[in-house]
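Read the structure below first, then the notes.
The values are calculated or read from the model by the stated rules, or taken from the named source; none is laboratory data. Everything numeric in this text was worked out from a predicted model, so none of it was measured. Every residue, glycine as well, gets a Cβ built from its backbone with ideal geometry; the counts of neighbours run over all protein chains shown. The area values use the complete protein model at the heavy-atom level, side chains included, leaving out ligands, DNA and RNA. Shrake-Rupley method; radii C 1.70, N 1.55, O 1.52, S 1.80 Å.
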Amino acid sequence: MEKSVEELYNERLSRLKAAISLQEPDRVPLVFPADTWVAHYSGFTIQDILYDYEKLIAAIDKVIEDFDWDAVFPPFGIWPAPVLDAIGQRTMMVAGEDVAASSSFQFPDAPTMQPEEYPELIADPYAFIVEKLLPKRATELAKPFPRNELALAKGALYFGMYLARLGAAFQRWAQVYGAPLAVLGFTKAPIDMIEDQMRGFRGMCVDIKRRPEQVKAACEAVLPLAIRLAKTSYGGPPADWPPLFIPLHLGEFLRPVDFEEFYWPTFRKLIQGVTEAGFTCFLYAEGNWDPYLDFLAQLPKGKVIAVFEYVTMKKAKAVLGDTLCIGGSIPNALLGYGTEDECVACAKDLIDTGAPGGGFILSAGKVLLVPNDAKPENLLAVTKFAKEYGVYKK
Amino acid sequence: MMVQMEELSKAIADLDEPKVLKLAEEFLASEPSEADLNRAIKACQDGMVEVGNRYEAKEYFLPELIFGAEILRDVMSRMMPLLKVAPARIGKVVLGTAHGDIHDIGKNIVRDMLDAAGFEVYDLGIDVPVQQFVDKVRETSPQIVGISGLLTLATETMKDTVDAIKDAGLRDRVKVIIGGNLVEEGVRAYVGADRFTKSAAEGVEICKKWVEG
């Protein structure tokens, strides 16, 4: 007998919850982070889905229908363009405006905060961000009163409309497809917030050399905001599923000694803070994380999923198997340029190494942004294979 | 003077910025001759080569490369203008980020390190139209074209760029190297480049081998 949508939903939810709590589910959960990739796949440009939310949701619907993964990745990397236009944001390059209509968002490495401003950031990070940085990041917010406040109100209104539409879609995905969300709400490591939104990559690389104490103090100052961001963006009481989405950026670029000094202390406090508040976490760790596994082994047990862009799975399983749910990730270069057989062989290898004993999901190395990040036939082949091969034998 | 040169070289390799600046100031205050200036510039470049070596040895990571290049550029900007004759260059490279991609952190490190290694670098910037690469190659006759890209969408425009260089009849006059986090052998073959690298330091070594023959 065919399963009801509700049964399907509950089956998937227990599969995901078993994996994150380090138990063996019925089979390996499949969670692929299809972001702006959904546009081209469903016949739209990225510009289309940034402006027309019906197209955005139709694009995600099609991906859910065709791939039938265990959870839907909400479009957190897809910023609604009307909101961006209302505030005149200038730090992201937007499809159809600054880059091609088919391009993902792109982020120039242009700092909005100067190195001399660390004392201000440290003294009152919220005031500094609102009063100093927002006007630099968005031209309409730099205009004199009342135009700045009208622009902010307009942006907030548009954002509320977008969230309402998205919320309805979340419910429909559960009710029509039996598909839970993969993540909800997000935050970032304090140093990633400062690097991504304020100092830029190059700026932060130089700051940790020239003003290490200020960088560390700034991370501590920003930590409460990072925890607050997690809570407000979740939009409801904490739950063990869906987890918070936490992309990790700067970590992979740091020498382990610098990781320990600059990245780890406040990142660890962030994860402790949000898990103690009742949340779970879904980390997307960009880059090669082999050098940092021993740190991650100190995170709270059974509360965190970590997908690595690159990692030696055998080593990750040995070091983290008792602590984190590990995401076996098929590299985007392989999904985009490899053959179906190569992708399936990679998935098999990951499942063989990572899945035994549970605490494992299958995913892609990076959020899927543009068509070249994954050929649909490769994703389909991997999905079909893993749904059979990933079954745990009782 | 020799001791000071070695110290300067070592201070750059160790990324000891205060020491580099102190040594450079002392050196410049001594009213150096043209030959001394050339020796000091060479010493600084050697220091940066050592930074690259330590990066390859995984002793240094990307922030160290960026900081090294930053220190080097600062010192060079003080010494170079004092030279009466510009130093000889070992080769020419046309460099840019592929069309459609605006990421330039990696490309800029490569530019600074190529410059330190003695190359004349024509940096076309980011989101470089295919034709601009072709025009610059025709204008400057470089031995090497370097195309950088972070996003997979850059793969297509890297290929377009190499095809256009081919169509212009210039492909056999240049070596093409592509660089970026996502490039690998499959991407190299697809694009039609001669080599690929994920590492700025390795890229510079490849370029040096090409011009040294």
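For chain B, a Kirkwood hydrodynamic radius built from all Cα pairs, placed in the Stokes-Einstein relation at 25 °C and 0.890 mPa s, yields a translational diffusion coefficient of 138 µm²/s. For chain B, the residue among B:40, B:9, B:177 whose Cα projects farthest onto the positive side of the dipole built from Cβ charges is B:177.
What trypsin sites (Lys or Arg not before Pro) does region B:12-60 have in DSSP loop regions with at most 16 other beta carbons within 10 Å?
Working: sites: B:19, B:22, B:39, B:42, B:54, B:58; in loops: B:58.
Answer by residue number: B:58.
Here's how it looks for residue B:122: its modeled amide H is under 5 Å from those of B:93, B:94, B:95, which are all 5 or more places away or on a different chain.
For region A:246-394, the carbon plus sulfur part of the accessible surface works out to 55%, probe radius 1.4 Å.
Filter the trypsin sites (Lys or Arg not before Pro) in region B:150-213 down to the DSSP loop ones having no more than 14 other Cβ atoms within 10 Å, then list what survives.
Working: sites: B:159, B:166, B:171, B:173, B:175, B:188, B:195, B:198, B:208, B:209; in loops: B:198.
Passing both the DSSP loop test and the Cβ count: B:198.
In terms of its alpha-carbon gyration tensor, region B:11-87 comes out prolate; a/c meets the 1.5 threshold, and the first ratio a/b outweighs b/c.
Roughly how much accessible area, to the nearest 100 Å², goes out of reach of solvent when B and A pair up, both sides summed, probe 1.4 Å? The contact between A and B buries close to 2500 Å².
What relative contact order, as a whole-number percentage, does chain A give when Cα pairs under 8 Å and 6 or more residues apart are counted?
Numbers: 711 pairs, mean separation 86.2, N = 394.
Answer for chain A is 22 percent.
For the protein assembly as shown, DSSP calls about 5 percent of its internal beta bridges antiparallel. Could you tell me which of A:91, B:157, B:81 has its Cα farthest along the dipole of the protein assembly as shown towards the positive end, charges placed at Cβ (Lys, Arg +1; Asp, Glu -1), taken about the Cα centre? Value: A:91. Around the amide H of residue B:175, modelled in the peptide plane, lie the amide H atoms of B:144, B:145, all under 5 Å away and 5 or more residues distant in sequence or on another chain.
Pick out, in residue order, every one of the GluC sites (Glu not before Pro) in region B:16-100 that is DSSP loop and has at most 15 other C-beta atoms within 10 Å; say none if there are none. Don't jump to the answer; show the numbers that get you there.
Working: sites: B:25, B:26, B:34, B:50, B:56, B:59, B:64, B:70; in loops: B:59.
Counting only loop positions with at most 15 other Cβ atoms within 10 Å, the GluC sites (Glu not before Pro) in region B:16-100 are B:59.
Couplings 3J(HN,Hα) of region A:115-131, computed from phi: x, 5, 8, 3, x, 5, 4, 5, 5, 7, x, 5, 4, 4, 5, 6, 7 Hz, in residue order, whole Hz [Karplus 6.51 cos²θ - 1.76 cosθ + 1.60, θ = phi - 60°; x for Gly and Pro].
Taken one residue at a time, the phi angles of region A:150-162 give Karplus couplings (6.51, -1.76, 1.60, θ = phi - 60°) of 5, 5, 5, 5, 5, x, 5, 4, 4, 5, x, 5, 5 Hz. Gly and Pro are set to x. Selection among A:175, A:128, A:160 by position relative to the dipole of region A:70-177 gives A:175 as farthest towards the positive end (Cβ unit charges, Cα centre).
Interface burial in region B:94-122, defined as at least 50 Å² less accessible area with all protein chains than with the chain alone at a 1.4 Å probe, covers B:102, B:105.
Amide H contacts for residue A:361 (H built 1.01 Å from N in the peptide plane; partners 5 or more residues away or on another chain; cut-off under 5 Å): A:326, A:327, A:328.
Rounded to whole numbers, the Karplus 3J(HN,Hα) couplings from phi for region B:163-175 are 4, 5, 5, 5, 4, 7, x, 10, 4, 7, 9, 10, 8 Hz, using 6.51 cos²θ - 1.76 cosθ + 1.60 with θ = phi - 60°, and x at Gly and Pro. Accessible surface for the protein assembly as shown, divided over its residues, is 41 Å² per residue with a 1.4 Å probe. Over all pairs of different C-alpha atoms, the protein assembly as shown has a mean inverse distance whose reciprocal, the Kirkwood radius, equals 25.8 Å. Taking the chain by itself as reference, region A:187-202 contains these residues with an accessible-area loss of 30 Å² or more in the full protein complex (1.4 Å probe, heavy atoms): A:201, A:202.
Beta carbons within 10 angstrom, averaged per residue: use that to sort the peptides A:361-374, A:38-51, highest first. Intermediate results must be reported in sequence, preceding the final value.
On the way: A:361-374: 25.7, A:38-51: 21.2.
The packing order, highest mean first, is A:361-374, A:38-51.
For chain A, the longest principal axis of the Cα atoms and the long axis of helix A:200-210 meet at an angle of about 70 degrees. Rounded to the nearest 10 degrees, the angle from helix B:200-212 to the longest Cα principal axis of chain B is 90 degrees.
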